[in-house]
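Please read the structure below before turning to the comments.
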Amino acid sequence: MKWATLISFVILISAHFGKSDTNRLCEHFTEVKEEGFKAFVLVALSQNLHESGYEELVLLTREITTAAGACCGENPSADCSKNEAELFQSAICASNEIVNKNNLEDCCAKTGDERHQCFMERKKSIPRHKEVKKTYSAKEKCEAFKDNRLAYTGAFIYRFSRMHIMMQPRIIIDFAKRIGDLAEECCAQEENLDTCFYEKGRPVRNYLAGVTAQSHSLCAISKKYGERVIKAKKVAQYSQKLPQATADEIADITQKITSSVFTCCSGDSLKCTKKREQIIEGICVRDDIVSRTKHLAECCKLSNMERGYCIENMEPDEKPADLSEKVESYIKDADVCDKFAAGKDLFIGGFLYEYARRHPELSNQMLLRIAKGYEDELTKCCATENPPECYGKADEKLHAAMQDNLSYFQKMCAFVNTEGKAAYEKLMVIRYTSIMPTASFEGIRTITYRMGGIMQECCAKDQSKLMSCAEEKLSDLLDETCAENDPATINKNVEACCNDFYSHRRLCILNMKPDTESAPPEFSAESFPITEALCTMSDKDSLTASVKLLYEVVRLKPTVTMEQIKTLTDGFNALKAKCCADENKQQCFETERAAFINTSKGLLTA
């Protein structure tokens, strides 16, 4: 099967969506082939029918595919002029079992646009399915893959779509391709299958986590902060990417992209795909813009399937040769306050555009903080007797904030590069458990593990890309975490940070003090599972055990000092080394564990 053809289905359907062709389904089916059509249908069904199992949806996918394929026969029915949504929903409603199981009686009683809207509203109400991860050995994965690649990737599509019901099908199908490619590479080997899936799979896992967080973040921001923040974020992004473009051109592009975000976050895959295609085509036909760019021009030469991803991820072009180093007119002109008063949002938007195109090395969040900082300075300065003298110093203050932010990430990278990713994760476990001791170990571990992956990836990049990489990805993770959990159930400080200005959220969390108001759990020896099993653990399990110990220690005393933690971890490591070398490991662990617990209790309950 040609996976490029499969992925292109999501884009190709929009190329004809809305046309007056009499047999649109045949046209789509022919272009993407049978397996491509099946992939999109499986995503759509898995996202909408949460009470139906995989095998049931596979059968329904085949039925829908057969119906679409029949449109290419000699006597196509009148239904072949309908769009894909009508075909999917009609097939679903034709099965009483599926309708009853998924509570779709009300939707199926409607027709046309009313039925489609009913399906969309119901989709929004479906709770995210948090599937329990099943662990398969590399051997089991390869047996399943070699037996049937389509079934292997199909099972992934089903599971992932159920967990991410609002995600665009093109993203999920891309993920399935990467999962299939990983299995193809590793299963071609004779030995070291587990090592291959772990090592080769790391960039795949990081990619899936990163893109998923980015997708969730964008929708969470649009829901919580609305159009103004989304547009500001896009102005910052595309001003960096296209420094040759004028402010009006950037405003036009970002306004269209912003509108597509709300469409795509609504869960209507067909409308989302159509709108994205229209926007991309609209950008690429603008020769007046494209001809002045390097990376955009390269993206627009690609196929429809590849353009969107290319544009979203393209590197910034070189800055125009005549572009001044500083935004002079915003810090020196005497009429700044007049322009600010005449139209605050428009004026600050112009400042953001000018600052972003001069600083491709900054993160979007840093740029938005700079714009907010400049706005605050003008609000203060324009009320003074000598505004120009006041706001003339704004650039120095903003530059200092930028340097502080960069210094933080450089410091973290120095730690990662010196001590390693695992040590960084442990440091973050200590930090995050201290500020949210009531959070579950699984929650803390997931966040800190992903933070470790992000910093490992970003610290390997050139210094000019460090901040834009690290802060973007960490902010996506934070946005996703705030949206998927009720921060009020953790503590009021976390709730306040999740409700802060979008660009200030990460700094708010960073500046949080240990939580001394939440009642710590009672000290229990059961929180210290120190047994001879430590001696035979894999490196991965051993790391998890040491991280769990840190979590238990800090939640008992959020204000515990690093010196106290060092005392306990040194004691734990000495205990482990001593008892794992002892002939009678069980007796050694029982004796030493009791002494270690007494020491810990003295430190943590004092």
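The values are calculated or read from the model by the stated rules, or taken from the named source; none is laboratory data. Keep in mind that this is a model prediction, so the values were computed, not measured. A quick note on method: Cβ atoms are made from the backbone with ideal geometry, for glycine too, and the neighbour counts reach across all protein chains shown. Surface accessibility is based on the protein's heavy atoms, side chains included, excluding ligands, DNA and RNA. Shrake-Rupley method; radii C 1.70, N 1.55, O 1.52, S 1.80 Å.
Quick look at the values:
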item: 25 °C / 0.890 mPa s Stokes-Einstein diffusion coefficient of the range 291-403, Kirkwood radius on C-alpha pairs, µm²/s; result: 155
item: Three-way shape call for the range 449-580 based on the alpha-carbon gyration tensor, with the a/c threshold at 1.5; result: oblate
item: Cα gyration tensor, the range 51-109 - rounded (a/c under 1.5), prolate or oblate; result: oblate
item: Full-stretch length increase - D404, S464 - with 0.36 nm per residue and alpha-carbon distance subtracted; result: 20.1 nm
item: Surface/4 estimate of mean projected area, convex hull on alpha-carbon atoms of the range 326-374, nm²; result: 3.2
item: Within the range 342-429: Cβ-based charge dipole about Cα centre, in debye rounded to nearest 20 (Lys, Arg +1; Asp, Glu -1); result: 300
item: Square roots of five times the Cα gyration tensor eigenvalues for the range 472-524, Å; result: 23, 12, 10
item: Restricting the range 147-256 to trypsin sites (Lys or Arg not before Pro) in coil, as DSSP defines it, with at most 11 other Cβ within 10 Å; result: none
item: Under the Debye formula (equal points on every Cα, no solvent term), log10 I(q)/I(0) of the chain at q = 0.06, 0.09 Å⁻¹; result: -0.40, -0.88
item: Residue-normalised accessible area of the chain, given per residue in Å² at a 1.4 Å probe; result: 49
item: Long pairs among K141/K548; K233/K339; K223/K344; K231/K372; K319/K461, criterion Cα-Cα beyond 19 Å; result: K141/K548; K233/K339; K223/K344; K319/K461
item: Estimated inter-spin distance, E191 and D287, nm [label 7 Å along Cα→Cβ]; result: 6.1
item: For the range 444-505, the spread of Cα positions along each principal axis, largest first, Å; result: 39, 25, 15
item: Stretchable slack from I597 to T418, in nm (0.36 nm times residue separation minus alpha-carbon distance); result: 61.3 nm
item: A144 paired with K301, simple spin-label distance in nm, labels 7 Å along Cα-to-beta-carbon; result: 4.1
item: Kirkwood hydrodynamic radius over Cα pairs of the range 346-464, then Stokes diffusion coefficient at 20 °C and 1.002 mPa s, in µm²/s; result: 127
item: Rounded FRET efficiency, nearest 0.05, which uses the C-beta distance separating E55 from S524 and R0 of 41 Å; result: 0.40
item: Carbon + sulfur, % of accessible area of the range 184-259 - ligands and nucleic acids excluded, 1.4 Å; result: 50
item: Difference of contour (0.36 nm per residue) and Cα-Cα distance, K332 to T559; result: 77.0 nm
item: Whole-Å semi-axes of the ellipsoid equivalent to the range 137-244 (Cα gyration tensor, √5λ, descending); result: 35, 16, 11
item: Helix-only CD estimate at 222 nm, as mean residue ellipticity for the chain, using -39500 (n - 2.57) per DSSP H run (n ≥ 4); result: -23000 deg cm²/dmol
item: Cut-off 12 Å (backbone N to label point 7 Å along Cα→Cβ of D582), residues of the range 520-537; result: 531-532
item: Highest to lowest packing among 95-106, 459-470, scored as the average C-beta count within 10 Å; result: 459-470, 95-106
item: Cα-centre dipole for the range 76-195 with unit charges at Cβ (Lys and Arg positive, Asp and Glu negative), debye to 20; result: 440
item: Estimated inter-spin distance, E184 and D248, nm [label 7 Å along Cα→Cβ]; result: 4.8
item: Whole-percent carbon and sulfur share, accessible surface of the range 366-483, 1.4 Å; result: 54
item: Helical segments meeting 18 Å axial Cα length and Kyte-Doolittle 1.6 threshold in the chain (DSSP H); result: 3-16
item: Lysines whose Cα lies under 16 Å from that of K139, excluding same-chain neighbours fewer than 8 positions away; result: K200
item: Cα gyration tensor shape for the range 39-175, rounded if a/c is under 1.5, else prolate or oblate; result: oblate
item: GluC sites (Glu not before Pro) within the range 294-387: DSSP coil, no more than 13 neighbouring Cβ in 10 Å; result: E318, E325, E385
item: 5 Å-binned pair-distance histogram of the range 144-184 (Cα, whole percent); result: 6, 27, 33, 20, 10, 4, 0
item: Reciprocal mean inverse distance between Cα atoms of the range 206-343 - Kirkwood radius, Å; result: 16.7
